[in-house]
DNA sequence: GTGAAAGCGCTAACAA
DNA sequence: TTGTTAGCGCTTTCAC
């Protein structure tokens with residue numbers, strides 16, 4: 001079976017390629033193509049089930065009307081929510097989305113960037129996984145609009161939108177302290193991950209501001225398994241915490257599992273708090289107090305910033321100014337923090 | 001800034017386009033291109049940061065090495081898990097994935113199909129949202145390999161892989177009955193959704209097999225909101241159920257919320273069961289007994305089936321046989337079902 | 001109102 | 001061992 005192209009339509013209708021193209025692009029009027037001709041073309045296209053070949057269009061126009069998005073893990077509900085929102089928002093604006101999963105791996109991310117660039121994307125949103133920036137610099141050199149979301153590199157000339165991770169963690173620890181907790185442990189995610197580091201810094205800053213001696217940071221991955229293992233480890237320590245701060249909800253589930261196994265009741269035996277505010281926190285054995293990330297706002301702003309650049313770029317070839325947007329998250333209070341004043 | 005193409009490299013190195021192309025494709029040896037030439041080309045490509053233009057390659061080769069995947073909602077953890085697994089598996093096999101979110105809407109799905117086809121995908125995995133099959137038939141006519149996952153149309157000549165929804169629901173209701181429940185209500189998802197209908201049928205079959213008079217099916221969307229509303233409604237009924245079967249975990253969360261608000265304890269006042277077995281079920285106030293969907297197996301088999309077709313198709317232009325694969329899910333027992341014998 | 005022809009970046013048949 | 005050239009499907013300039 002031969003491919004159906006505008007040539008097929010052209011032959012079947014005895015109308016030139018140019019005219020078919022114009023009709024299909026809805027600019028028939030502009031070129032004052034007779035209604036009769038237009039009609040004939042449209043009918044034939046319909047009959048044949050013609051679908052334009054995007055590759056050809058991209059090649060010709062050097063435009064693909066698509067945006068790339070690189071997330072560290074599609075399996076993580078936080079990121080898949082980002083994907084969902086970005087996809088929907090872009091779709092409304094007539095762009096399509098190419099998603100890539102970097103699997104929290106720098107090299108995979110670098111490959112993903114290449115892959116997306118080779119597909120002629122107009123811009124790219126990245127939640128970076130590592131510390132390398134060479135591939136980002138390549139993008140800048142290519143004049144390809146980039147925006148970071150959730151994680152970022154302050155030193156690069158690249159706009160970013162993110163939860164203020166430091167502030168979120170800081171607030172939570174201050175809150176814990178205000179409830180009388182002096183021994184607060186924290187289970188972190190990937191140590192090299194920027195958002196994680198900021199949260200840990202926020203944790204430490206609050207501890208030290210209040211002049212406490214106890215500080216404990218365990219863990220190294222945003223997974224349930226790691227949360228579980230690290231909590232088991234933590235519970236072996238001589239000096240036990242009165243509260244555990246899980247730096248993500250995935251970690252939290254592991255923490256809860258370990259606590260349950262070892263017979264700890266939340267919040268009676270130990271208090272718990274988390275970062276992410278997933279929808280199911282309300283329904284847990286003990287509903288967990290958590291930092292709510294403004295995920296939808298962040299995603300929307302990122303797109304706004306990116307598309308601004310995409311449009312602006314057309315005009316004079318340079319990028320618009322770097323924007324640094326940090327959104328302060330708030331605490332959603334539930335029942336997992338015990339008052340021990 | 002001009003685009004970097006093989007032509008740029010060709011000019012800079014005084015080597016023909018063909019040779020550059022061959023070197024870049026790693027077939028230098030086959031054409032016995034001198035190591036010196038190859039080296040020079042490679043170096044220049046590296047220096048320039050050359051990235052091949054996929055649109056041009058697609059156009060030329062009529063191959064894109066990419067597969068489309070249409071899911072009803074990226075925001076639903078079940079589907080985003082499918083995306084995650086499919087993405088990873090395809091990536092390993094050298095294919096890239098184009099994801100589309102149909103938003104549980106038939107027309108959006110039809111648009112998505114067009115969109116994917118226009119991007120020259122080699123095959124497509126669909127979790128269909130509606131009952132229309134015209135767009136699917138178009139795909140068949142185009143000889144484009146299609147596989148259904150999770151939901152399917154028995155009457156179409158299209159392979160499918162899915163949880164045996166009927167069997168899953170049937171098993172669960174039989175189990176509930178075996179624990180002494182005679183009044184079992186069910187909150188369903190989208191009524192027009194095939195997987196949902198199968199589950200409802202399974203529910204009804206088990207009820208009628210046991211000759212009970214009570215049957216209640218409420219709801220019409222796989223969302224927490226709907227689960228919540230429908231449970232509120234259900235609790236208004238004169239005849240109260242002793243057990244509620246939520247046909248998805250999203251629905252379940254709504255059910256639990258309503259139950260909690262109205263002061264019902266699970267499982268003491270009322271038993272609960274669900275479909276999906278999400279990771280967090282273990283940590284709920286009362287861990288919920290649920291049907292575990294073999295999501296990873298399903299995804300992998302689907303890819304296997306699809307790629308078989310993709311390869312096979314090259315050989316003689318027709319599709320390989322239709323496969324109908326239903327996997328029986330199992331019950332994961334937790335504590336939400338009370339024995340009322 | 002319509003059409004011819006060039007060219008986007010790439011590959012491959014054919015030539016040398 | 002390397003190069004010439006046609007052509008994938010489309011848009012657009014220029015021409016009539």
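The numbers here are math on the coordinates, done by the rules we state, and not lab data. These numbers were taken from a predicted model, which means no experiment stands behind them. Neighbour counts run over all protein chains shown; Cβ positions are idealised from the backbone, glycine included.
Observations
- Prolate/oblate/rounded label for segment B:165-293 (Cα gyration tensor, a/c 1.5): rounded
- Antiparallel beta bridges, as assigned by DSSP with both residues in chain B, represent about 10 percent of the total such bridges.
- Taking every residue in A:110-120 and counting other chain Cβ atoms within 10 Å of its Cβ, the average works out to 4.
- Contact order, relative form, for segment B:6-52: 41 percent (alpha carbon pairs under 8 Å, 6 or more residues apart, mean separation divided by residue count).
- Gaussian network model of chain A, springs between alpha carbon atoms under 10 Å - residue of A:239, A:106, A:174 with greatest fluctuation: A:239
- 0 to 90° range, to nearest 10: angle between helix A:165-178 axis and chain A longest Cα axis: 30
- Residue with peak Gaussian network fluctuation, chain A [Cα springs, cutoff 10 Å], from A:178, A:34, A:290: A:34
- Shielding value for A:73-84 is 5, the average number of Cβ atoms from other chains within 10 Å of each residue's Cβ.
- Antiparallel DSSP beta bridges within the protein assembly as shown, percent to nearest 5: 10
- Stretching the chain fully between residue A:279 and residue A:31 yields a gain of 83.9 nm (0.36 nm per residue, less the alpha carbon separation).
- Its DSSP H runs of at least 4 residues, each contributing -39,500 (n - 2.57), put the calculated 222 nm mean residue ellipticity of chain B at -14000 deg cm²/dmol, to the nearest 500.
- Most mobile of A:267, A:52, A:287 in a GNM of chain A (Cα contacts under 10 Å): A:52
- Normalised by 2.2 N^0.38 Å, where N is the number of residues, the C-alpha radius of gyration of chain B stands at 1.28.
- When the convex hull of its Cα atoms is viewed from all sides, segment B:204-243 shows a mean projected area of 3.3 nm².
- Annotation for residue B:18 and residue A:192: the two label points, set 7 Å from Cα along the Cα-Cβ direction, are 4.5 nm apart.
- Rg over Rh for segment B:95-191 works out to 1.11, both radii taken from alpha-carbon positions and Rh defined as the Kirkwood radius.
- Inter-copy label distances for residue A:43: 6.4 nm (label point placed 7 Å from Cα along Cα→Cβ; shortest first).
- The slack between residue A:333 and residue A:11, meaning 0.36 nm per residue of separation minus the straight C-alpha distance, is 109.1 nm.
- With the convex hull constructed from alpha-carbon coordinates only, segment B:232-334 shows a mean projected area of 8.8 nm² over all directions.
- Across the identical copies, how the residue A:8 labels are spaced - nm, sorted shortest first, 7 Å along Cα→Cβ: 3.6
- Stokes-Einstein, applied to the Kirkwood radius of segment A:179-246 over Cα pairs at a viscosity of 0.692 mPa s and 37 °C, places its translational diffusion at 268 µm² s⁻¹.
- Of the peptides A:299-306, A:257-264, A:278-285, the ranking by mean beta-carbon count within 10 Å, highest at the top, reads A:299-306, A:278-285, A:257-264.
- Calculated on C-alpha atoms, the gyration radius of segment B:132-238 divided by its Kirkwood radius gives an Rg/Rh of 1.08.
- Peptide A:252-259 shows a mean partner chain C-beta count of 2 within 10 Å per residue C-beta.
- Cβ-based exposure ranking for B:199, B:60, B:179, A:22, in which fewest neighbours within 10 Å come first: B:60, B:179, A:22, B:199
- Here the contact order of segment A:172-300, divided by its residue count and restricted to Cα pairs under 8 Å and six or more residues apart, works out to 24 percent.
- Between helix B:35-48 and chain B there is an angle of about 60 degrees, using the helix long axis and the longest principal axis of the Cα atoms.
- By the equivalent-ellipsoid construction on the alpha carbon gyration tensor, segment B:1-77 comes out with semi-axes of 33, 15, 12 Å, ordered largest to smallest.
- Mean-position separation - Cα centroids, segment B:203-223 and segment B:18-87, in angstrom: 51
- Folded to 0 to 90 degrees: helix A:194-209 orientation relative to chain A principal axis, Cα: 30
- Relative contact order computed over chain B (Cα-Cα under 8 Å; 6+ residues apart), in percent: 16
- The orientation-averaged projected area of the convex hull spanned by the Cα atoms of the protein assembly as shown comes to 35.7 nm².
- The packing ranking of peptides A:83-90, B:85-92, B:242-249, highest mean first, is B:242-249, A:83-90, B:85-92, where packing means the average number of other beta carbon atoms within 10 angstrom of each residue.
- Label-point spacing for residue A:32 across the identical copies (point 7 Å from Cα in the Cβ direction), in nm and ascending order: 6.4.
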